[in-house]
Ligand code: UT7
């Protein structure tokens, strides 16, 4: 017994920024960003908080699942960080939507959705939950150095949510962590302690892009192949590969290794940029809304992120 996804939702900030507008802040241009990443626009918070976006996504997921907050007995948020260090994003969001149940955050960076799915399966197995709300929310715009063209062009803000119940739609899940805090990290501030002896890094996202790129293409190939082998599936039998939306060239690299057509690898990176843990559930939401996902479809989800972490899940859609 694992889980079924029975309703999904999204929360996207109003303000959209084109590549051309980013050129007002750093020395960049649309041609570089589009050709190197596939990103054309991203949304960023202005008046919205992250818990506003998470609340919008959560309420829509509940409505689509035909449930109310009183039906939910566990709330998991996947996020790199909410607007507060504490309370958690799950608590600030629960406060907004009137949800009262066990609530906590998990941080597995861009792999957060896969980690949350595995935690949900564990709660179902313990018999401690019947309906679980999983909400991924990221406000990357506040964690970037807007003077650094290597990183500020890549990310966006948003939230995506789903309600899960016990079921057997998810046929496989595997999570890995390959610890390395040198190639992708976001340092935290240190308050005004007078005691620290060494200077700490600025609290902005730092990334060695090419090392992360190599990790991503390699881990995606290995982990997706492992999933298919475990389920005795050929790549041809998979209807959709929903990969983390970090760079269109990473998706193309993984696709070439699997020798599968481009139509099987939908993207939303062109509209949203990299949304960390939100990328994959938002893509799944859009595919469902557009009527593309059909009952019986085989869907592979594959994410990677800071940690370094990676997670792969396979669904036979119900
Ligand atoms: O979900 C989190 C995980 N993150 C990722 O998966 C990101 C993985 N990495 C990547 O997607 C790519 O490595 C990047 C998109 C970050 C960078 O692409 P790249 O092809 O690896 O470029 P690069 O870092 O090697 O930079 C090439 C050139 C440099 O100029 P020089 O030294 O050759 O003169 C950069 O300074 O491009 C320059 N550059 C830019 N130029 C215009 C870097 N960023 C920009 C920019 N606009 N925004």
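Brief remarks on what is shown
- Being away from the ligand (no atom under 14 Å from the Cβ), more than 30 Å from residue 210 (Cα to Cα) and under 12 Å from the mean Cα position of the chain (by Cα) is a property that does not hold for residue 97.
- All positions within region 103-155 that are assigned to a loop (DSSP other than H, G, I, E, B) and within 16 Å of the ligand (Cβ to nearest atom): 107, 108, 144, 145, 146, 147, 148, 153, 154
- Selection count, region 139-161, where residues are more than 12 Å from the chain's Cα centre (by Cα) and in contact (Cβ under 8 Å) with a residue 60 or more places away in the chain: 12
- Checklist (1) more than 13 Å from the ligand (Cβ to nearest atom); (2) surrounded by fewer than 20 Cβ atoms within 10 Å (Cβ to Cβ); (3) farther than 16 Å from residue 157 by Cβ applied to residue 16, failing item: (3)
- Residue list for region 177-189, restricted to those being in contact with a helix residue (DSSP H, G or I) (Cβ under 7 Å, 6 or more places away or on another chain) and either more than 16 Å from the ligand (Cβ to nearest atom) or not in a loop (DSSP other than H, G, I, E, B) (or both): 184
- Extreme residue, farthest from the ligand (Cβ to nearest atom), among residues of region 219-264 that are under 18 Å from residue 35 (Cβ atoms) and crowded, with 17+ Cβ neighbours inside 10 Å: 255
- Verdict on residue 192 being part of a loop (DSSP other than H, G, I, E, B) and within 16 Å of the ligand (Cβ to nearest atom): no
- Residue match in region 55-65 (condition: modelled with pLDDT under 95 and surrounded by fewer than 19 Cβ atoms within 10 Å (Cβ to Cβ)): no
- Residue within region 24-43 that is under 30 Å from residue 249 (Cβ atoms), away from the ligand (no atom under 16 Å from the Cβ) and surrounded by 15 or more Cβ atoms within 10 Å (Cβ to Cβ) present: yes
- Test result for residue 46, at pLDDT 95 or above and either within 20 Å of the chain's Cα centre (by Cα) or within 16 Å of the ligand (Cβ to nearest atom) (or both): no
- Meets criteria (surrounded by 12 or more Cβ atoms within 10 Å (Cβ to Cβ), closer than 24 Å to residue 83 by Cβ and touching a helix residue (DSSP H, G or I) at 6+ places or on another chain (Cβ under 8 Å)) for residue 166: no
- Residues satisfying the stated conditions in region 172-209, i.e. under 30 Å from residue 125 (Cα atoms) and crowded, with 16+ Cβ neighbours inside 10 Å: 172, 173, 174, 175, 176
The values are calculated or read from the model by the stated rules, or taken from the named source; none is laboratory data. The model shown is predicted, which means the values in this text are computed figures rather than measured ones. Note that we place each Cβ from the backbone using ideal geometry, even for glycine, and neighbour counts take in every protein chain shown.
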